[in-house]
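Let me begin by presenting the structure, written as structure tokens, before commenting on it.
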Amino acid sequence: MKRRLHQAVRDLSPAYFAMVMATGVVSSAAHFMGMDAISRPLFAANIFFYAVLCGLAAIRVLWFPDRVREDLLDHLRGMGFFTAPTATAVLGAQFILLEEAFPIAMGLWIIAVLLWTLITYTVFTNLTIKGQKPSFSEGINGAWLLSVVSTQSLAVLSAKLSVHYVDHKLILNFFSFAMWLWGGMLYIWMISLIFYRYTFFKFNPGDLTPPYWINMGAMAISTLAGSLLILNTPHAPFLLSTLPFLKGFTIFYWVTGTWWVPMLFILAIWRHGYKRFPLHYDPLYWGAVFPLGMYTAATFEMAQAMDLRFLLFIPRFFIYVALAAWAATFYGFLRSFVKKVLLKQRPGPTGASA
């Protein structure tokens, strides 16, 4: 058992915190749809997932610092570290939404900000100064947009906290607004590179890894953050002065994310249906579940913030897509866990390190 734990920790994907991201946002979306019988068990499970992954990540840093350093220097795996601050912020938002536990959420906000700062400047500095770099087509994919999602997750949690901590509402709303703007700028930079990779380089089925769904997820969480800032404008005069800009860019983000939805489904059908690419569990698939849940939650919040009630049919439908995706991925996780750990089988080839 010790040997299996040793191996599992050594090979743990930096992106595994996407499991917490996906579970948290699907739980929140279910709550918005009045499905508390689903939302609350997922919330309890998410606390457990987060605690276990924090423990495993800490052990990995202590036992395998060289492997962690290798991951940080890698153009693809390094981006997986952004799932840690995002998961922390998503869990903090859950504590507010489902329990109104603002002190716990504030503690998670502090952890998320520290993690985001450390990972942002470590990863991007390393990728800038490293001597040997991969080719453009091999060095970038949708996982790069996890940095955008991480930034916007801080904007979301900050906006939620400002409602309770009235003495600090100006600072929290300003920080949320600043992160919302920076996340948008970061998306524009990165999606330009990713779209260029899409259209001017050969694209094989194996290249279409699940993190490409973050193309849509990054815009969905940007929509959610903008919607929360709109809701906060009555209590923040400086936000009120930017209200037309907030509404315009929030819709801009939502429309961009909506454009990606059918495109990504078409590419998934091409990959697994037409090209017959094998479908097996990979921790990166949590990065595909997260955007589906986030699109559901973001559309609901935007419809509420701007009184666009005619859009509510979308989250009422999409919640079932998100729940089905979560259930399928969790089934794959359990099946993989049983095979690799309980049955002592050696892990097969996977894109978890991609």
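The values are calculated or read from the model by the stated rules, or taken from the named source; none is laboratory data. Only a predicted model underlies this, so the values are computations on that prediction, with no experimental measurement involved. As a convention, Cβ positions derive from the backbone with ideal geometry for all residues, glycine included, and neighbour counts pool all protein chains shown.
Taking Thr233, is it over 28 Å from Ser192 (Cβ atoms) and among the β-branched types (Val, Ile, Thr)? So Thr233 passes the test. Here Phe203 meets the list (1) surrounded by 15 or more Cβ atoms within 10 Å (Cβ to Cβ); (2) over 26 Å from Val90 (Cα atoms); (3) of a type outside the set (S, T, N, Q); (4) touching a residue at least 40 places away in the same chain (Cβ under 8 Å) almost entirely, failing just condition (4).
Within the range 290-303, does at least one residue satisfy the condition of being at pLDDT 95 or above and either of a type in the set (Asp, Glu) or on the phi > 0 side of the Ramachandran plot (or both)? Yes, the conditions are met somewhere in the range 290-303.
Just name the residue that is farthest from Phe81 (Cα to Cα) out of those in the range 95-138 that are surrounded by fewer than 13 Cβ atoms within 10 Å (Cβ to Cβ) and among the hydroxyl-bearing types (Ser, Thr, Tyr). Looking at residues that are surrounded by fewer than 13 Cβ atoms within 10 Å (Cβ to Cβ) and among the hydroxyl-bearing types (Ser, Thr, Tyr), I get Ser135. If the condition is being part of a helix (DSSP H, G or I) and among the charged types (D, E, K, R), then the range 40-83 contributes Arg40, Arg60, Asp66, Arg67, Arg69, Glu70, Asp71, Arg77. Can you confirm whether the range 75-88 contains a residue that is of a type outside the set (Ser, Thr, Tyr), farther than 23 Å from Ser222 by Cα and surrounded by fewer than 22 Cβ atoms within 10 Å (Cβ to Cβ)? Within the range 75-88, one or more residues are of a type outside the set (Ser, Thr, Tyr), farther than 23 Å from Ser222 by Cα and surrounded by fewer than 22 Cβ atoms within 10 Å (Cβ to Cβ). The set of residues in the range 13-39 that are more than 20 Å from the chain's Cα centre (by Cα) and either within 17 Å of Gly332 (Cα to Cα) or assigned to a helix (DSSP H, G or I) (or both) comprises Asp36, Ala37, Ile38. Given the criteria of a type in the set (S, T, N, Q), touching a Phe, Trp or Tyr at 6+ places or on another chain (Cβ under 6 Å) and more than 19 Å from Trp260 (Cβ to Cβ), does Ser137 qualify? Spelling it out, Ser137 is indeed of a type in the set (S, T, N, Q), touching a Phe, Trp or Tyr at 6+ places or on another chain (Cβ under 6 Å) and more than 19 Å from Trp260 (Cβ to Cβ). Taking the numbered list (1) assigned to a loop (DSSP other than H, G, I, E, B); (2) of a type outside the set (Asp, Glu); (3) touching a residue at least 24 places away in the same chain (Cβ under 8 Å) in turn, Leu224 passes all entries but (1).
Tallying residues that are outside any helix (DSSP H, G or I) and of a type in the set (Ser, Thr, Tyr) within the range 227-262 yields 2.
The test for being out of contact with any strand residue (DSSP E or B) (no Cβ under 7 Å at 6 or more places or on another chain), closer than 30 Å to Lys275 by Cβ and in contact (Cβ under 8 Å) with a residue 24 or more places away in the chain holds for Thr256. The residue that is surrounded by the most Cβ atoms within 10 Å (Cβ to Cβ), counting only those in the range 51-74 that are of a type in the set (Asp, Glu) and within 20 Å of the chain's Cα centre (by Cα), is Asp71.
Among the numbered conditions (1) polar (S, T, N, Q); (2) more than 21 Å from Leu146 (Cα to Cα); (3) touching a His at 6+ places or on another chain (Cβ under 9 Å), the only one that Gln94 does not meet is (2).
Answer yes or no: is there a residue in the range 164-177 that is under 18 Å from the mean Cα position of the chain (by Cα) and modelled with pLDDT under 95. No, every residue in the range 164-177 fails to be under 18 Å from the mean Cα position of the chain (by Cα) and modelled with pLDDT under 95. Could you please find all residues in the range 243-253 being touching a residue at least 24 places away in the same chain (Cβ under 8 Å) and more than 19 Å from the chain's Cα centre (by Cα)? Lys247, Phe249, Ile251 - these are the residues of the range 243-253 that are touching a residue at least 24 places away in the same chain (Cβ under 8 Å) and more than 19 Å from the chain's Cα centre (by Cα).
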